[in-house]
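A.B. asks: There's a structure below that I have some questions on.
The values are calculated or read from the model by the stated rules, or taken from the named source; none is laboratory data. In this text, all values refer to a predicted model and were calculated from it rather than measured experimentally. Heads up, the Cβs are rebuilt from the backbone with ideal geometry, glycines too, and the neighbour counts pull from every protein chain shown. The protein model used for the area step is the full one, side chains on, heavy atoms only, and it has no ligands, DNA or RNA in it. Shrake-Rupley method; radii C 1.70, N 1.55, O 1.52, S 1.80 Å.
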Amino acid sequence: MFEIDKELIELSKEVEKEIKEQIEEVEKNCMINSIKVLDAFQKNKVSDVHFGSTTGYGYNDIGRDCIEKIFAQILEAEDSLVRSQFISGTHALTVALFALLRPGDTLLSITGKPYDTLDEIIGITPNKSSLKSFNINYEQIDLKENDFNYEKIENIIKKEKIKVIEIQRSKGYSTRESLCINKLEKVIKLIKSINKEIIVMVDNCYCEFVETKSPIEVGADIIVGSLIKNLGGGIAPNGAYIAGRQDLVELSAERLTSPGQGKEVGPTLGINKSILQGVYMAPSVVANSIKTAIYASRMLEKLGYNVSPKFNEKRADIVQNIEFGNAEKLIKYCQGIQMGSAIDSNSVPEPWNMPGYNDKVIMASGSFTQGSSIEISCDGPIRPPYIAYMQGSLTYEYGKLAVLTAINNIKK
Ligand SMILES: *Cc1c(COP(=O)(O)O)cnc(C)c1O
């Protein structure tokens, strides 16, 4: 059935021996995170009444309220907003930014240029509906040697009035490292020691349950993530979350719905059970994704490619970079991941001009949920040095099969 060449199977066996220690570490974190989730379900007395549905305005949706308490507890936040009315992670980030910033305010990114889809939101790429069009200023400090540029951050917040600082943990389509929780802790301490009023907002996409601490525990005020990534556990059909300080979550709710209605409205249309089941599965699903990433990292390193992170490096997110050096190999690898998926395995992804992105992007996502990247998926902008960003897999075994198929496809 699977025509994987013999040498590759041998290499795979060797790799699995080498990555044992890292896999055990992943399982340890998975246990700690599972305890956290189970405790949240029990404390909030989840029962099948919470699987019910609301329509129309969605008043008194006890399932929705219960979900938001569970997310708050898991993320160590005062409150959360978990909604399918968020179309994507990008949308939730937009809502949070427009909720927190007012004309004349300044937004500062301390992790360099944010994720591609934020360009038009901020106004880095002109757009008539950007923050910039509302007279909201933007400044940026690049990372320095894969860490924060503490000196520059200190200078700017002592000199200028900054309203919101944005920290993006995952690397996005860049080559920098993703940021672990202890680096976040150090920089947030510095920021708060100079000015407690600055709101620290964290783009937490791809990072939930990779480590055992939430950014809120180390001082972040508000965090944002997508439900078709880690916390959706591959089961939530769509949506995103915002969690953090109660007053900031309220501002966000009033921006998502309307001033005065806030969190009180929002029909769930039957998805409560899926969201609950998704977050219940999330620790294991994230662990399987990281195992797949570790496996792919070592396999491709042994085949001579530059990879980041290496199999034995600390991880902050579920993303694995593989540098192919030319467009053809990148495209073949992504197409191979698609061939090795369960859904749409016979479609062939091609690079295209995706809305919100500046370069052509190829995206392989043979997934149950359209565009889901907690399921095995691989994408990359067609620009040097032609890096594939691979992430997800609901199980390690399916992840491994997809990686083997993709390697086979570039060797052909
Ligand atoms: C995926 C991602 C986003 C955007 O999420 P979408 O749901 O794809 O809109 C934002 N920031 C980072 C770091 C991401 O990885």
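A.B. asks: May I ask you to list the aspartates and glutamates whose Cα is less than 17 Å away from that of LYS17, ignoring any residue fewer than eight positions away on the same chain?
C.D. replies: Straight-distance partners of LYS17: GLU7, GLU25, GLU27, GLU301, GLU313, GLU397.
A.B. asks: Then there is this: What whole number of Å gives the distance from the Cα centroid of segment 221-267 to the Cα centroid of segment 156-188?
C.D. replies: The two parts, judged by their Cα centres, are 21 Å apart.
A.B. asks: Taking a ≥ b ≥ c as the square roots of the Cα gyration tensor eigenvalues, with a/c under 1.5 meaning rounded and otherwise prolate when a/b beats b/c, else oblate, which class fits segment 207-326?
C.D. replies: Numbers: a/c = 2.67, a/b = 2.07, b/c = 1.29.
Verdict is prolate for segment 207-326.
A.B. asks: What does the charge count near PRO126 come to, summing +1 for each Lys or Arg and -1 for each Asp or Glu among other residues with Cβ under 13 Å from its Cβ?
C.D. replies: Values: positive: LYS128, LYS132; negative: ASP119, GLU120.
Taking every Cβ under 13 Å from that of PRO126, the sum is 0.
A.B. asks: Spelling out what I want: for every residue of segment 147-154, take phi, set θ = phi - 60°, compute 6.51 cos²θ - 1.76 cosθ + 1.60 (Karplus), and round to whole Hz; glycine and proline get x.
C.D. replies: With coefficients 6.51, -1.76 and 1.60, one gets 9, 5, 8, 4, 4, 5, 4, 4 Hz.
A.B. asks: Which value, in debye to the nearest 20, gives the size of the charge dipole of segment 64-202 about its Cα centre, when Lys and Arg are +1 and Asp and Glu are -1 at the Cβ? Write out the running numbers ahead of the final one.
C.D. replies: Values: 21 positive and 20 negative charges, 41 e Å.
Value, rounded to 20: 200 debye.
A.B. asks: Counting alpha carbon pairs within less than 8 Å and at least 6 residues apart, what relative contact order, in whole percent, applies to the chain? Walk me through the numbers before you get to the answer.
C.D. replies: Values: 878 pairs, mean separation 75.3, N = 412.
Relative contact order for the chain comes out at 18 percent.
A.B. asks: Test of understanding: what is the full-extension gain from ASP359 to GLU254, defined as 0.36 nm times their sequence separation minus their Cα-Cα distance? Please list the in-between numbers first.
C.D. replies: Working: separation 105, 0.36 × 105 = 37.80 nm, distance 3.42 nm.
Here the answer is 34.4 nm.
A.B. asks: Right, another one. Let a ≥ b ≥ c be the square roots of the eigenvalues of the Cα gyration tensor of segment 77-222; is it rounded (a/c under 1.5), or, if not, prolate (a/b larger than b/c) or oblate? Don't skip to the answer; put the middle values down first.
C.D. replies: On the way: a/c = 1.34, a/b = 1.09, b/c = 1.23.
Rounded, since a/c falls under 1.5.
A.B. asks: Computed FRET efficiency, Cβ-Cβ of LEU8 and GLU350, R0 22 Å: what is it to the nearest 0.05?
C.D. replies: Values: r = 26 Å, r/R0 = 1.17.
Using R0 = 22 Å, I get an efficiency of 0.30.
A.B. asks: Provide the gained length on full extension for the span GLU16 to GLU197, in nm with one decimal, where the gain is 0.36 nm per separating residue minus the Cα-Cα distance.
C.D. replies: Working: separation 181, 0.36 × 181 = 65.16 nm, distance 4.85 nm.
Separation in residues times 0.36 nm, less the Cα-Cα distance, equals 60.3 nm.
A.B. asks: Sticking with this one: Determine the percent antiparallel among the DSSP beta bridges restricted to segment 112-225, to the nearest 5.
C.D. replies: Percent antiparallel among DSSP bridges in segment 112-225 is about 10.
A.B. asks: With every protein chain present, what accessible area does GLU154 have (1.4 Å probe, heavy atoms only), rounded to the nearest 10 Å²?
C.D. replies: Accessible surface of GLU154 is approximately 60 Å².
A.B. asks: Pairs LYS20/LYS400; LYS132/LYS159; LYS144/LYS291: which exceed 23 Å Cα-Cα? Intermediate results must be reported in sequence, preceding the final value.
C.D. replies: Numbers: LYS20/LYS400 15 Å; LYS132/LYS159 21 Å; LYS144/LYS291 29 Å.
Over 23 Å apart, Cα to Cα: LYS144/LYS291.
A.B. asks: Ignoring any ligand, DNA or RNA, what whole percent of the accessible area of the chain comes from carbon and sulfur when the probe is 1.4 angstrom?
C.D. replies: On the way: 9150 of 18020 Å².
Carbon-and-sulfur percentage of accessible area, whole number: 51.
A.B. asks: Run the 1.4 Å probe and let me know the accessible area of PHE311, rounded to the nearest 10 Å².
C.D. replies: Ignoring ligands and nucleic acids, PHE311 comes out at about 30 Å².
A.B. asks: Next question. Could you rank the peptides 191-202, 208-219 by their average count of other C-beta atoms within 10 Å per residue, with the highest value first? Before the final figure, lay out each step's value.
C.D. replies: Values: 191-202: 17.0, 208-219: 21.0.
Peptide ranking by packing, descending: 208-219, 191-202.
A.B. asks: Give me the percent of DSSP beta bridges within the chain that run antiparallel, rounded to the nearest 5.
C.D. replies: Numbers: 26 of 41 bridges.
Percent antiparallel among DSSP bridges in the chain is about 65.
A.B. asks: For ARG83, ARG255, ARG176, give me the order by solvent-accessible area with a 1.4 Å probe, most accessible first, ignoring ligands, DNA and RNA.
C.D. replies: ARG255, ARG176, ARG83
A.B. asks: Subtracting the Cα-Cα distance from 0.36 nm times the residue separation, let me have the gained length for VAL49 to THR395 in nm, one decimal.
C.D. replies: 121.6 nm
A.B. asks: Related question: Could you name the aspartates and glutamates whose alpha carbon sits less than 19 Å from that of LYS360, not counting residues in the same chain fewer than 8 places away?
C.D. replies: The reachable aspartates and glutamates, counting only those whose Cα sits under 19 Å from LYS360, are ASP116, ASP119, GLU120, GLU323, GLU328, GLU350, ASP379.
A.B. asks: Here is a follow-up. Given the DSSP H assignment, sum -39500 (n - 2.57) over each helix run of at least 4 residues in the chain and divide by its residue total; what's the result at 222 nm in deg cm²/dmol, nearest 500?
C.D. replies: Numbers: 11 runs with 161 residues, N = 412.
Helix contribution divided over all residues of the chain: -12500 deg cm²/dmol.
A.B. asks: Mind scanning LYS113/LYS196; LYS36/LYS273; LYS152/LYS314 and naming the pairs with a C-alpha gap bigger than 21 Å? Don't skip to the answer; put the middle values down first.
C.D. replies: On the way: LYS113/LYS196 24 Å; LYS36/LYS273 19 Å; LYS152/LYS314 26 Å.
Over 21 Å Cα-Cα: LYS113/LYS196; LYS152/LYS314.
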